[in-house]
Amino acid sequence: TGSLDKHRIDRITFLEFDPVLTLHIDFVLDFIVTMKKEAAQAAANAALLAAMQAKPRETMHDRRSIRESVVGGKRRSTIDDQPSPAEAVDPKKFGRTQFPELAFANHTLPIEDGGAQFGVRDGSTHSIWDVAQENNAGGLLLHWLVNLDLHANQQIGESGVIMIAHGLRKNTTLQRLCLRGQNIGDECSEDTIDKFVGALRDNSVLAVLDLSSNGIKRRGAGKLAEWLKDANGIRDLDLSRNSLKDSGLAVLAEALSVNGSLQSLNLQLNHVTDDGLLSISNALQVNASLTKIDMGRNKFGPEAAGRLLACTKSSVTGLSDICLQG
């Protein structure tokens with residue numbers, strides 16, 4: 001609803017979202033991203049305009065006098081012959097700078113917290129994600145949220161994972177994503193995992209990702225490791241309560257040796273023995289960004305634990321918080 005001018009759209013409403021339209025989801029996402037960029041630019045322009053209008057008029061007169069003295073007092077100066085910037089800019093052309101609401105039928109969604117609940121007409125309670133997924137618009141929803149926490153939701157399935165992958169691509173909003181216990185690990189198809197990890201690779205805004213309790217094994221660890229090698233936005237990664245084992249730790253260690261953004265890593269309860277812990281210890285000798293690691297409740301011995309603790313003495317590492325709880 002609203003004007004066709006993108007800055008004046010008040011609400012985007014899906015009454016009966018046609019699944020066929022999901023084939024053209026990239027077009028919709030491009031529209032949203034463009035609208036956000038233009039709205040941000042409009043806000044910046046409006047702020048600049050306000051600052052220019054607040055500038056004392058004497059300043060403009062002083063500049064004109066100096067210019068006229070240089071050219072012999074003739075009225076040929078650009079300041080004198082053209083309107084001032086404040087006079088030349090029409091504030092009405094900026095329109096709205098707020099991002100439009102997203103609504104499904106009679107339900108308008110909150111903007112910030114994807115874990116929030118809201119009532120529907122039958123008096124029951126559904127999560128924001130439930131309504132979005134039912135309308136085949138989960139990918140669009142992520143462009144309205146800062147935080148999406150699905151750990152208490154019913155299983156989203158592979159279709160939900162693919163929607164999230166669509167939403168992560170070109171996303172400039174979502175900073176925290178929790179998919180704990182969604183069973184989206186190695187049991188998912190190769191294509192689904194590739195789409196999800198590919199979307200992570202295209203995203204530079206997401207800072208916190210919780211993939212705990214998802215049945216991630218060696219295959220999934222390898223896919224995540226390829227992403228981590230080049231990831232530059234992720235700060236906190238939770239892979240606890242999976243089945244990474246030593247083979248999964250080995251590929252993650254390769255990624256940690258070159259990653260420069262990750263600050264906190266949780267690998268608790270992953271059936272890791274001495275070999276896996278030694279792989280991580282070797283990687284942390286050259287990793288300068290990680291400050292916290294949780295290796296608790298695994299199956300390594302005291303000698304391997306000592307190697308990890310020795311990493312804190314490296315001149316490169318910034319590691320200061322290590323959990324080895326048995």
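The values are calculated or read from the model by the stated rules, or taken from the named source; none is laboratory data. Keep in mind that this is a model prediction, so the values were computed, not measured. Here the Cβ is made from the backbone with ideal geometry for all residues, glycine too, and neighbour counts use every protein chain on show. Side chains included, ligands, DNA and RNA excluded: accessible areas come from the protein's heavy atoms. Shrake-Rupley method; radii C 1.70, N 1.55, O 1.52, S 1.80 Å.
Which length gain, in nm to one decimal place, applies between Asp321 and Asp202 when the Cα-Cα distance is subtracted from 0.36 nm times their residue separation? Separation in residues times 0.36 nm, less the Cα-Cα distance, equals 39.8 nm.
Among the listed pairs Lys229/Lys299; Lys170/Lys195; Lys195/Lys217; Lys217/Lys313; Lys223/Lys245; Lys223/Lys313, give every one whose C-alpha distance is greater than 25 Å. Mind showing how you got there, number by number?
Values: Lys229/Lys299 27 Å; Lys170/Lys195 14 Å; Lys195/Lys217 17 Å; Lys217/Lys313 31 Å; Lys223/Lys245 15 Å; Lys223/Lys313 31 Å.
Pairs exceeding the cut-off: Lys229/Lys299; Lys217/Lys313; Lys223/Lys313.
Average accessible surface for the range 207-295: 35 Å² per residue, computed with a 1.4 Å probe over protein heavy atoms with every protein chain in place.
Computed over protein heavy atoms with a 1.4 angstrom probe, the accessible surface ordering of Met295, Met163, largest first, is Met163, Met295. Computed over the range 228-326, the percent of Cα pairs more than 23 Å apart is 12. Backbone N atoms of the range 190-205 closer than 12 Å to the 7 Å Cα→Cβ label point of Ser159 are not found in any residue. Once the C-beta distance of Thr291 and Ala152 is scaled by a Förster radius of 25 Å, the resulting FRET efficiency is 0.30 to the nearest 0.05.
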